[in-house]
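Visitor: Dropping a structure here in structure tokens format, bear with me for questions.
Every number in this text was worked out from the coordinates using simple rules, so none of it is lab data. Being a predicted model, the structure only gives us computed values, none of them experimental.
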Amino acid sequence: MHCREHAPSRPTCWKIGPTLATGCSIVFKPLTALYMSKLIDEADFPAGVFNLVNGYRHVVGQATADHMGIEKVAFTGSTLVGCKSMESAASRT
């Protein structure tokens with residue numbers, strides 16, 4: 001699961017729990033998840049379970065939406081971004 005997070009940490013926590021509880025790994029961006037990443041590292045989570053990606057929104061977002069190894073993308077953003085994500089998902093099949 002990849003989450004584009006633009007809100008405070010509460011929505012971040014809402015997405016982490018169910019994802020990890022179902023045995024999936026997670027990738028987060030941007031800076032709002034840095035502190036969460038530090039806490040998860042201190043809690044000795046296995047490597048690769050929680051991943052943080054920093055970069056320019058449109059570049060990182062498009063790369064993750066297009067990546068064949070990412071099965072689910074969840075984000076907080078505009079309708080335009082949602083439409084672009086759906087277009088990327090549709091072109092991957």
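Visitor: Shape of segment 42-93 from its Cα gyration tensor (a ≥ b ≥ c, root eigenvalues): rounded if a/c is under 1.5, otherwise prolate when a/b > b/c, or oblate? List each step's numbers first, then the result.
Guide: Values: a/c = 2.42, a/b = 1.74, b/c = 1.39.
In terms of gyration-tensor shape, prolate.
Visitor: Note down the relative contact order for segment 30-93 as a percent, whole number, built from C-alpha pairs under 8 angstrom at least six residues apart.
Guide: Values: 25 pairs, mean separation 18.1, N = 64.
The normalised contact order for segment 30-93 reaches 28 percent.
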